Amino acid sequence: EVQLQASGGGLVQTGGSLRLSCVASGFTFGDYAIGWFRQAPGMEREGLLCLSGIGDTYYADSVSGRFTMSIDNAKNTVHLQMNSLKPEDTAVYYCAVTQPLSRVVNCSPHLYDYWGQGTLVTVSS
């Protein structure tokens, strides 16, 4: 059974940093394409960083240079490091995976099959 558990959200001030974690169970991240997404109230779910099936990473312009993804293979955990946070970053953040790796040709949430429960990030002004 594929399960993802996201954590690390909370309240942070503008300009601050936060590190989100996503722990996988029932599968190994190395066998799936990984993406981070967010959804603000009244907005469409937005792809932030997605690893493609050809070894590239898709970045959303809104977070490029501020957000980075890392993978801890030993712990089967991925992280999203968020720096220089802005109020407009306030959203529920999700990790997601899909197969096969070659499926990922962009960072559309419609490509992803399995989702974590999401963790809320609130950036105060």
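The values are calculated or read from the model by the stated rules, or taken from the named source; none is laboratory data. Not measured: the values here are computed from a predicted model. Positions of Cβ are backbone-derived with ideal geometry, glycine not excepted, and every protein chain shown enters the neighbour counts. Please note that ligands, DNA and RNA were not included when accessible areas were found on the heavy atoms of the full protein model with its side chains. Shrake-Rupley method; radii C 1.70, N 1.55, O 1.52, S 1.80 Å.
Within segment 19-34, does at least one residue satisfy the condition of being at pLDDT 95 or above, in contact with a His (Cβ under 9 Å, 6 or more places away or on another chain) and basic (K, R)? Yes, because at least one residue in segment 19-34 is at pLDDT 95 or above, in contact with a His (Cβ under 9 Å, 6 or more places away or on another chain) and basic (K, R). The strands (runs of 3 or more DSSP E) located wholly in segment 6-125 that include 1 or more residues which are in contact (Cβ under 8 Å) with a residue 12 or more places away in the chain and under 13 Å from the mean Cα position of the chain (by Cα) occupy 18-25, 33-39, 46-51, 57-59, 67-72, 77-82, 91-98, 119-124. Picking from residues in segment 47-75 that are open to solvent by less than 60 Å² (accessible area, probe 1.4 Å) and in contact with a Phe, Trp or Tyr (Cβ under 7 Å, 6 or more places away or on another chain), the one that is modelled with the lowest pLDDT is S52.
Just to be sure before I move on: is V2 of a type in the set (V, I, T) and either open to solvent by 70 Å² or more (accessible area, probe 1.4 Å) or farther than 22 Å from P100 by Cβ (or both) in the structure I sent? Considered against the rule, which asks whether it is of a type in the set (V, I, T) and either open to solvent by 70 Å² or more (accessible area, probe 1.4 Å) or farther than 22 Å from P100 by Cβ (or both), V2 comes out as no.
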